[in-house]
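Each remark here refers to the structure printed beneath this line.
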Amino acid sequence: MTKEQLGSLILASEDSLYHVAKTLLREDADCADAIQEAIVSAFTKLHTLRRDEYAKTWLTRILINECYDILRHQKHLVSIEEQVVPEREETGRDYSDLYEALETLPEEMRICVTLFYMEGYSIREIASILEVKENTVKSRLSRAKAKLRRDLEAGKTM
């Protein structure tokens, strides 16, 4: 893959990269930092990409690693303000309960849900990105759906 092809892939994946970063990081500034670092890292490590057809999966894995790096650095900081769920854009439908319920999922379930339902990755691709077995991805998705169903039916999100 050439640097020009990678640049085109990054531009085409802009929304997807943001959704993945937002799944792990709460602040938009942190998401932007993670995406920027992932792009720089992808360009410098382009030679490590073995097959061009896996470029998006490879880029997503780099982004997830960058998000984890930011989270590790944040553990050393003490937050003064209480974090709140950011407001979502108005689409005519109210999905706030769903977004709040997603926020309550453990991180490993939340990232699986985002990659599968929002970004359209297959279970095999998610397993590759997260470096876990396919059955692990399946069970995380199943547990996440069950928890979301329980929480939404009960009318609670916290």
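The values are calculated or read from the model by the stated rules, or taken from the named source; none is laboratory data. Note that the structure is predicted; figures quoted are calculated from it, not measured. Here the Cβ is made from the backbone with ideal geometry for all residues, glycine too, and neighbour counts use every protein chain on show. Accessible surface is based on the protein model in full, side chains and every heavy atom, while ligands, DNA and RNA are left aside. Shrake-Rupley method; radii C 1.70, N 1.55, O 1.52, S 1.80 Å.
Figures for the structure shown
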quantity	calculated
Residue in segment 34-44 that is modelled with pLDDT under 90 and either open to solvent by 80 Å² or more (accessible area, probe 1.4 Å) or more than 27 Å from S139 (Cβ to Cβ) (or both) present	no
Flag for R88 being at pLDDT 75 or above, in contact with a helix residue (DSSP H, G or I) (Cβ under 8 Å, 6 or more places away or on another chain), of a type in the set (D, E, K, R) and open to solvent by less than 100 Å² (accessible area, probe 1.4 Å)	no
Close pairs (8 angstrom Cβ cut-off, 6 or more residues apart or separate chains): in contact (Cβ under 8 Å) with a residue 60 or more places away in the chain in segment 1-23, part of a loop (DSSP other than H, G, I, E, B) anywhere	S16/E119; H19/E119; V20/E119
Within segment 1-72, helices (runs of 4 or more DSSP H) holding 3 or more residues that are within 21 Å of V132 (Cα to Cα) and in contact with a helix residue (DSSP H, G or I) (Cβ under 6 Å, 6 or more places away or on another chain)	14-24
Scan of segment 117-158 for residues that are touching a Leu at 6+ places or on another chain (Cβ under 6 Å) and assigned to a helix (DSSP H, G or I), ordered by number	I126, A144
